[in-house]
Amino acid sequence: MERETAFVQKLVLCVLTVLSISRPLAAQLPFYTDDPAVTPTGVLHFEFFNEFDGLQSSEFPDLRQNTANFKINYGLQYRLELDLDFPYLSINRASGTASSAGWGDTDLGIKWNFYKASSRSWAPALGASFYVELPTGDERNGLGSGLIDYWMNLIAQKSFAEKTRINANFGFLFAGNTSTGAIGIQTKRGHVFTGGLSVLHDFTARLSLGTEVYGGVADTTGLGRTQLQVTVVIRFAPGRILAKLQRVKLSVFR
């Protein structure tokens, strides 16, 4: 317990240090569907969001999960970005089964915005990302997958009006799974295909609203599940995410 408390204190100090030296940026809404934008060269960017999920009966004895997600980005030359992503999970379970809390698996990634959109062309902005997820979470308590994940994601964004834009993703998981605690596809072998579509509209300079449809399916029958979820997010003030309003997740198990 003392070790965990000391670790949390060190993490908080690290986060405060990052916040003190990072530059404010307009943050992307906390969707699974990514956008192709990257952090400017030489800029250190910190994001935090909290997500609460009520789990389906098929997840029993897991009832609810809270995910506090910390993300650090650093911009490189040639429109490249380095990412570090680590969640703190709290999983509430039914009476008679111990709940668990702790750090989940850690993501390391790189993103490349290889084509920027132009007002003179209908072509969308394009990007690609590659992530490796390390099994730093406790698998025995359901906080980690116990697997090393390798994930490639293709990203496109198209603006249909000055204040409205749509993002589309297609991803391929070479190995591992997409699980974060009790959420996601939990295959142990085979591959996972993912796809997402999100729409964001800026109503005013201080109010944005976005919605997302995201899904994934394992390619090996009997080893996983398909997943479909819908998310609605509202943001007040540029760069400050106030709340993730709703997530509805539908899962079909093997």
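The values are calculated or read from the model by the stated rules, or taken from the named source; none is laboratory data. Keep in mind that what you see is a predicted model, and the values were worked out from it rather than measured. As a convention, Cβ positions derive from the backbone with ideal geometry for all residues, glycine included, and neighbour counts pool all protein chains shown.
Just a few scattered comments:
- In the range 119-177, the residues that are in a strand (DSSP E or B), surrounded by fewer than 17 Cβ atoms within 10 Å (Cβ to Cβ) and aromatic (Phe, Trp, Tyr): Phe130, Tyr150, Phe160, Phe170, Phe172, Phe174
- The numbered conditions (1) small (Gly, Ala, Ser); (2) exposed (fewer than 14 other Cβ atoms within 10 Å of the Cβ); (3) in contact with a Leu (Cβ under 8 Å, 6 or more places away or on another chain) are all true for Ala182 except (2).
- Residues (at pLDDT 95 or above and polar (S, T, N, Q)) located in the range 110-135: Asn113, Ser129
- Only one of the listed residues (Phe46, Phe70) is farther than 20 Å from Asp149 by Cβ and either assigned to a strand (DSSP E or B) or out of contact with any Pro (no Cβ under 9 Å at 6 or more places or on another chain) (or both). That residue is Phe46.
- Restricting Asp85, Asp53, Asp34, Asp107 to residues that are at pLDDT 80 or above and part of a loop (DSSP other than H, G, I, E, B) narrows the list to Asp34.
- On inspection, Ser119 passes the criterion of being free of Cβ contacts under 8 Å to residues at least 12 places away in the same chain, closer than 30 Å to Ile166 by Cβ and over 21 Å from the mean Cα position of the chain (by Cα).
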